[in-house]
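**Q** My questions all concern the structure below.
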Amino acid sequence: VLVAAPVCASAETLNLVCRGVGSRLEGRTGYGTAFSSTGQSSSASVTTYQRREREDELLVSVDEGAARIRVPTSILPALRAGGRDGWWVLNDVQVTDEQITGRFQLNFLNRPTVRIDRRTGSIAIEGFARSDFHGTCEAFDPNARRF
């Protein structure tokens with residue numbers, strides 16, 4: 001018998017801002033044609049890949065059975081669906097005293113995994129198509145102003 005754990009161990013609401021580095025594998029393709037003195041030609045293309053890193057931030061919200069994540073566009077793939085106003089629903093969410101885990105459906109191929117360590121605040125998102133995010137989270141009040 002499989003028993004599902006509740007999304008939240010208590011009725012707490014968590015709003016987190018997570019700052020870190022997102023990286024994305026980007027490809028560039030170049031084309032060239034060479035001609036011989038006899039008029040013959042040959043064409044070729046080459047694709048090179050380079051990992052691009054960028055500092056960014058994301059938001060996570062967990063509220064009594066509902067969890068969602070707002071991922072920066074700098075690490076999102078071009079093909080994405082299911083998000084609403086930049087937010088994606090977190091599925092398979094587990095909230096314990098030690099960690100918060102979940103997955104979100106970015107598109108038909110990608111279901112990245114989110115892991116947040118509640119003791120250190122570290123976050124890791126992996127499973128993007130050629131992208132990831134690592135950083136540190138801290139709680140914040142979305143209704144409060146800083147200044």
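Just so it is clear, none of the values below were taken in a lab; they were calculated from the coordinates. Every value quoted in this text rests on a predicted model; they were computed, and no experiment measured them. Neighbour counts are summed over all protein chains in view; Cβ atoms, including those assigned to glycine, are modelled from backbone coordinates with ideal geometry.
**Q** Which residue fluctuates the most in the chain, going by a Gaussian network model with Cα springs under 10 Å, if the choices are Thr101, Thr136, Thr38?
**A** The residue with the greatest mean-square fluctuation here is Thr38.
**Q** For the pair Trp87/Phe35, report the inter-label distance in nm, with labels modelled 7 Å from Cα in the Cβ direction.
**A** About 6.0 nm separates the two model spin labels.
**Q** When averaged across all projection directions, what area in nm² does the alpha-carbon convex hull of the chain cover?
**A** One quarter of the hull surface, i.e. the mean projection, equals 13.9 nm².
**Q** Please report the relative contact order for the chain, taking Cα pairs under 8 Å with a sequence separation of at least 6, and give it as a percent rounded to a whole number.
**A** Once normalised by length, the contact order is 25 percent.
**Q** For Arg54 and Thr96, calculate 0.36 nm times their separation in residues minus their Cα-Cα distance, and state this gained length in nm to one decimal.
**A** That works out to 12.1 nm of additional length.
**Q** Order the peptides 109-118, 81-90 from the highest to the lowest mean number of other Cβ atoms within 10 Å of their residues.
**A** 109-118, 81-90
**Q** Treating only the Cβ atoms of Lys and Arg (+1) and Asp and Glu (-1) as charged, compute the dipole magnitude of the chain about its Cα centre; round to the nearest 20 debye.
**A** Approximately 560 debye in magnitude.
**Q** If each of Val46 and Asp117 carries a label point 7 Å out from its Cα toward its Cβ, how far apart are those two points in nm?
**A** Label-label distance for Val46 and Asp117, simple model: 4.1 nm.
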